[in-house]
Amino acid sequence: MNRFFKDSQITALDLASHLNSSQLTAATYEDGPLLIVAGAGSGKTRTLVHRVAFLVDKGIPPPAILLLTFTRKTAQEMLGRATALVGKRATQVSGGTFHSLANSLLKPQAHLLGYQTGFSIMDQDDAESLIARIRSSFSEIKRHKRFPQKRALLSIISQAVNKDHPIFKVISENFIHFIEYAPLINQIAKEYHNHKIKNALMDFDDLLTGLEIILSNYEDVRQRLAARYDHILVDEYQDTNPVQARLIYLLGKDHLRVTAVGDDAQSIYAFRGASFRNIMDFPKIFPGAKILKLEENYRSQEPIVLLANHLIAQAHEKYDKTLVAVRGPGLAPMLLVVQDQTDEAGTVAAKIEEFIDQGLQLKDIAVLFRASSLSFDLEIELVRRRIPYTKYGGRKFLESAHIKDFIAFLRCAANPADSISLRRILNMVEGIGLKGAEDIVHWQAGLRERLLDLNSAPLKNKAQKNFLSLAKLMAEISQEGNELALKAQRTAEFYLPKMRDLYPDDWPDRLADLKELLRMAEKQKDLRTFLDDLTLDPPQQRHLPPQGINPGLTLSTVHSAKGLEWKIVFILSAVEGCFPPSYAARSAAEIEEERRLMYVAVTRAKDILFIMLPLGIIDRRTGTLAAPSRFLTALPPTAGAALWQNNRKLDPKELLNIGVNLGYNYKKENLSNFSTFKYRPPAQIKPSVTEATTGQRVCHPIYGVGRVIKINGPKAVIDFDLFGEKSVIMLYAKLTLV
């Protein structure tokens with residue numbers, strides 16, 4: 001090996017001093033395709049940077065080294081670090097993203113795809129504008145108020161490309177509420193494709209698929225382009241989609257000097273098109289590939305690493321590896337049993353205040369959650385305690401349009417002089433324009449008696465009918481005697497059909513937010529107090545922090561937290577129905593990805609880890625009290641996590657007593673030993689049915705319960721209790737019998 005470092009800025013000894021033995025072996029491997037399976041916190045980036053430096057120093061022409069990453073910034077940072085090792089030669093390495101590579105290789109070959117004068121690349125806004133124009137050309141869409149808008153249509157088309165799936169499959173798996181429009185969406189996708197060819201346009205997905213078409217169908221071109229690169233290195237290989245994996249093969253199959261770096265245990269982006277199979281099948285795609293594992297964890301203390309090992313050991317398909325904590329012993333991860341999500345929020349906020357009092361900085365603390373809605377209670381609690389934070393991933397609760405809509409009704413009821421909220425409400429009533437809304441606002445003039453009798457408002461005849469239901473609602477929720485929970489429920493019943501019309505693309509996701517708001521309303525009696533607690537300050541506004549404390553508490557979805565680390569990490573709502581979410585139970589593959597998400601969440605913690613168990617909440621899928629996440633209940637006694645409730649350490653057997661106190665109905669034999677918990681699907685879960693008869697009651701994953709009123713071949717018309725009549729395709733609707 002010494003011969004490779006002659007007259008270089010680094011020597012073999014220097015390289016060895018930078019890397020551990022596993023990293024050194026990976027950085028200097030030379031005998032064909034290589035898969036580096038890099039466990040969490042194992043120095044993956046360091047290893048890849050030193051491999052680039054090794055190849056440059058060995059004498060490989062830098063432009064012949066292709067480094068592929070998922071962001072331009074990552075490529076620049078890696079090459080910057082390599083330059084610090086071997087000098088400015090490393091700046092000539094061909095580093096960049098898949099899309100930048102595809103663009104540079106496609107430009108001279110575009111005529112092979114029918115682009116006679118080259119092509120222009122559309123950004124997101126350009127692509128959405130084109131989709132909108134095509135959408136408007138289909139006259140039949142005007143009859144469907146809930147037909148997807150441009151952004152949702154582009155998302156469907158893009159997922160079909162990235163996942164290599166037909167449009168219909170993408171809709172049935174991820175956009176089931178659009179299933180009745182699948183044929184029309186497919187037509188729009190075809191028209192979108194044809195328009196791009198005709199007008200010399202490409203979107204980001206076309207760059208990848210266009211390059212694959214050329215490399216697959218023009219062998220002479222493939223050989224010429226592939227010959228440019230003597231070595232191909234791919235970062236975060238577990239995040240590649242099928243098209244990207246095939247591109248790597250087409251460019252590297254001649255010389256097989258392909259290095260892929262990634263971690264199968266952190267493959268969590270299937271919703272973006274990433275394929276877990278890519279990293280698992282690498283040895284099949286590149287026969288003779290060497291698999292090297294990086295297992296020394298430099299991030300977390302030993303108990304956290306131990307828990308992570310036990311979590312991922314449950315995975316059905318994986319590369320076997322055992323992380324070893326370099327940092328040594330530390331505090332055991334804590335499973336904190338709390339009553340519900342309100343109790344969870346208070347407990348987490350109180351502990352954060354304790355850490356602040358001890359002198360820790362907020363920037364060293366993160367609260368992670370599976371879905372954005374799971375942090376809503378905590379956001380309100382943090383605002384109340386004036387703890388500054390920034391949230392990443394998902395919609396911000398009080399900034400979401402549908403939440404603003406909903407709260408506007410309650411604000412008017414609490415304060416008839418709130419003309420801003422009144423205008424927002426009036427704009428939701430069909431037939432009342434801007435002028436009509438202003439007329440009503442001026443007539444009402446903040447008087448409660450007029451709010452209670454909106455029937456007498458100055459309206460034109462055509463709007464009167466639509467206005468009656470609003471008048472009835474406002475009269476009901478403005479009465480002082482009614483319970484807050486009842487007011488919120490009546491508002492939800494009124495607003496739900498409007499929300500479906502206003503936000504047709506993603507109303508099922510927004511529905512989950514409304515349910516969270518209704519749950520919060522059940523906790524309080526007084527409307528004004530409820531609204532004050534919600535709107536004391538905008539959730540994303542930074543408050544002045546306590547004296548001497550640096551602001552910067554992080555709230556983040558687990559997806560957005562990947563690649564980051566903090567000294568202290570809280571994981572919210574690690575219970576069935578929340579983490580994993582209920583819908584994940586529809587397939588084994590989704591449950592496996594949820595397991596990897598839990599692994600990613602745990603491995604973000606460096607020193608202290610809290611996993612919250614709000615066991616008093618209701619599992620929406622089963623209608624029963626929540627059970628601990630299946631990923632935790634399968635942990636053996638050696639996993640090292642400690643069970644706590646109310647600042648008292650518990651023996652695992654005490655979960656039975658906790659269950660009794662909270663009103664659980666668990667069987668004693670299932671709770672005698674926490675470490676022996678095994679997830680058993682509830683009896684209520686039934687397999688999907690693809691056939692039904694008229695009159696049967698069925699349950700749909702989005703629309704809920706309804707009765708079959710008509711069968712027409714593969715289609716069924718179902719009258720859903722909350723959503724009215726819908727036409728579904730039995731084979732794909734995932735119906736269960738009630």
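The values are calculated or read from the model by the stated rules, or taken from the named source; none is laboratory data. Predicted model, so just to flag it, every value in this text is computed and none were measured. Cβ: placed from backbone, ideal geometry, glycine included. Neighbour counts: every protein chain shown. For the accessible areas, the whole protein counts, side chains as well, though only heavy atoms, and no ligand, DNA or RNA atoms are used. Shrake-Rupley method; radii C 1.70, N 1.55, O 1.52, S 1.80 Å.
Data overview
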item: Kirkwood Rh in Å, taken over segment 114-264 so that all alpha-carbon pairs contribute; result: 17.3 Å
item: For segment 479-524, convex hull of alpha carbons as volume per residue, Å³; result: 57 Å³
item: Convex hull per residue volume in Å³, alpha carbons only, for the chain; result: 195 Å³
item: Solvent-accessible surface (1.4 angstrom probe) belonging to residue 324, in square angstrom, nearest 10; result: 80 Å²
item: Relative pair counts by distance (%), Cα atoms of segment 46-105, 10 Å bins; result: 26, 57, 17
item: 10 Å-binned pair-distance histogram of segment 427-528 (Cα, whole percent); result: 14, 38, 35, 13, 0
item: FRET efficiency, residue 586 to residue 384 (Cβ-Cβ, R0 51 Å, nearest 0.05); result: 0.85
item: Residue order for 165, 177 - accessible surface, 1.4 angstrom probe, largest first; result: 165, 177
item: Loop trypsin sites (Lys or Arg not before Pro), segment 81-152 (other Cβ atoms within 10 Å of the site Cβ: 16 or fewer; DSSP); result: 145, 146
item: 1.4 Å probe accessible area per residue over the chain, in Å²; result: 44 Å²
item: Cross-link table 73/253; 44/73; 58/290; 190/284; 562/606, entries beyond 22 Å C-alpha to C-alpha; result: 73/253; 190/284
item: For residue 263, distant residues with modelled amide H under 5 Å away; result: 38, 237, 238
item: Volume in Å³ per residue [convex hull over Cα atoms, computed for segment 312-421]; result: 193 Å³
item: DSSP beta bridge pairing in the chain, given as percent antiparallel to the nearest 5; result: 30 percent
item: Interchain or long-range residues, amide H under 5 Å from residue 389's placed H; result: 543
item: Per-residue SASA entry for residue 478, accessible area with 1.4 Å probe, Å² rounded to 10; result: 10 Å²
item: Alpha carbon convex hull of segment 1-160, projected area averaged over orientations, nm²; result: 14.1 nm²
item: Global form of segment 79-157, assessed from the alpha-carbon gyration tensor, a/c cut-off 1.5; result: oblate
item: Scattering curve values for segment 363-431, log₁₀ I(q)/I(0), Debye with Cα scatterers, q = 0.12, 0.18, 0.29 Å⁻¹; result: -0.45, -0.80, -1.26
item: Assigned charges on the beta-carbon of Lys, Arg, Asp, Glu; segment 338-462 dipole about Cα centre (debye); result: 580 debye
item: Largest to smallest principal axis extent of the C-alpha atoms in segment 303-372, angstrom; result: 40, 29, 21
item: Candidate residues 111, 99: accessible-area rank, largest first, probe 1.4 Å; result: 111, 99
item: Accessible surface of segment 563-623 [probe 1.4 Å, protein heavy atoms]: carbon and sulfur percent; result: 56 percent
item: Apportionment of accessible area to carbon and sulfur, segment 5-159, percent (1.4 Å); result: 50 percent
item: Accessible area of residue 44 in the full protein assembly, 1.4 Å probe (Å², nearest 10); result: 40 Å²
item: Stretchable slack from residue 529 to residue 169, in nm (0.36 nm times residue separation minus alpha-carbon distance); result: 124.9 nm
item: Accessible surface, 1.4 Å probe, highest first, among residues 522, 140; result: 522, 140
item: Contour minus Cα-Cα distance for residue 729 and residue 129 (0.36 nm per residue); result: 212.9 nm
item: Cα gyration tensor shape for segment 401-447, rounded if a/c is under 1.5, else prolate or oblate; result: oblate
item: Amide hydrogen neighbours beyond the local backbone of residue 42, cut-off 5 Å, H modeled; result: 298
item: Whole-percent carbon and sulfur share, accessible surface of segment 438-508, 1.4 Å; result: 50 percent
